[in-house]
Amino acid sequence: MRPHASAIRYRREALDMSLRTLSAKTGINRGHLSRVERGLAGLGDKNITKVAEALGVTPADITHQEKP
């Protein structure tokens, strides 16, 4: 799965959640999350799942994976 940078940022901002909060909820470094949101870095499947759970969405909602 490849993260969809703008989908992650859009959902995080819609929840009025800071990168610091998302980092605390997922255990992923804030700088890395920032690079993910800018399309400069990726995430493994495990971390995509963590981000999706923290944002209250499915992994398919924040990746380039087709939804079933």
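The values are calculated or read from the model by the stated rules, or taken from the named source; none is laboratory data. Quick caveat: nothing in here was measured; it's all calculated off a predicted structure. A quick note on method: Cβ atoms are made from the backbone with ideal geometry, for glycine too, and the neighbour counts reach across all protein chains shown. Ligands, DNA and RNA are stripped out before the accessible areas are found, and what is left, the full protein with its side chains, is counted by its heavy atoms. Shrake-Rupley method; radii C 1.70, N 1.55, O 1.52, S 1.80 Å.
Overview of results
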quantity	calculated
Qualifying residue in the stretch 46-68 (condition: touching a helix residue (DSSP H, G or I) at 6+ places or on another chain (Cβ under 6 Å) and surrounded by fewer than 12 Cβ atoms within 10 Å (Cβ to Cβ))	yes
Index of the failed condition, M1 passing every other in (1) open to solvent by 50 Å² or more (accessible area, probe 1.4 Å); (2) assigned to a helix (DSSP H, G or I); (3) under 13 Å from D61 (Cβ atoms)	(2)
Count of residues meeting criterion [touching a helix residue (DSSP H, G or I) at 6+ places or on another chain (Cβ under 6 Å) and either surrounded by 17 or more Cβ atoms within 10 Å (Cβ to Cβ) or in contact (Cβ under 8 Å) with a residue 24 or more places away in the chain (or both)] in the stretch 29-42	3
Residue pairs meeting the criteria (Cβ under 9 Å; at least 6 apart or on separate chains; first more than 17 Å from A24 (Cβ to Cβ), in the stretch 49-61; second among the polar types (S, T, N, Q) and assigned to a helix (DSSP H, G or I))	P59/T49
